[in-house]
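**Q** Dumping the structure here so I can ask a few things about it.
The values are calculated or read from the model by the stated rules, or taken from the named source; none is laboratory data. Quantities reported herein were computed from a predicted structural model and do not represent experimental measurements. The accessibility values were calculated without ligands, DNA or RNA, using every heavy atom of the protein model including side chains. Shrake-Rupley method; radii C 1.70, N 1.55, O 1.52, S 1.80 Å.
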Amino acid sequence: MLQNHQKLTIAGGILLVITYLIFNYHEVHPGIEFNYAYISGIVMIIAFMVSFGLFYKDRFKSKNE
C-alpha cells in the first residue's frame, strides 16, 4: 500500500508532465494570453513540498526536542 508521501510524489510527477505539456502548447499557440502552466506548476511545487514534509516529519520532530 502506498503511503501519503508516495501518492503526493506521484501526483507531483504527473503535474510536472502536465505543466510541461501546457507550456509547450502555449509556446506553439502564442495567441493565448495567460499561460496556465503557472497554475499547474505552483500546485506541483506544493505537492512536492508537502510530500517532502510528510517524509521527513519524524526527523523534524526529533531535532526540535
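**Q** When region 14-37 is examined, which residues are found to be hydroxyl-bearing (Ser, Thr, Tyr) and open to solvent by 90 Å² or more (accessible area, probe 1.4 Å)?
**A** Filtering region 14-37 down to residues hydroxyl-bearing (Ser, Thr, Tyr) leaves 19-20, 25, 36.
If the condition is that a residue be hydroxyl-bearing (Ser, Thr, Tyr) and open to solvent by 90 Å² or more (accessible area, probe 1.4 Å), then Tyr20, Tyr25, Tyr36 are the ones that fit.
**Q** Tell me which residues, restricted to region 38-65, are open to solvent by less than 60 Å² (accessible area, probe 1.4 Å) and within 12 Å of the chain's Cα centre (by Cα).
**A** If the condition is that a residue be open to solvent by less than 60 Å² (accessible area, probe 1.4 Å) and within 12 Å of the chain's Cα centre (by Cα), then Ser40, Gly41, Met44, Ala47, Ser51 are the ones that fit.
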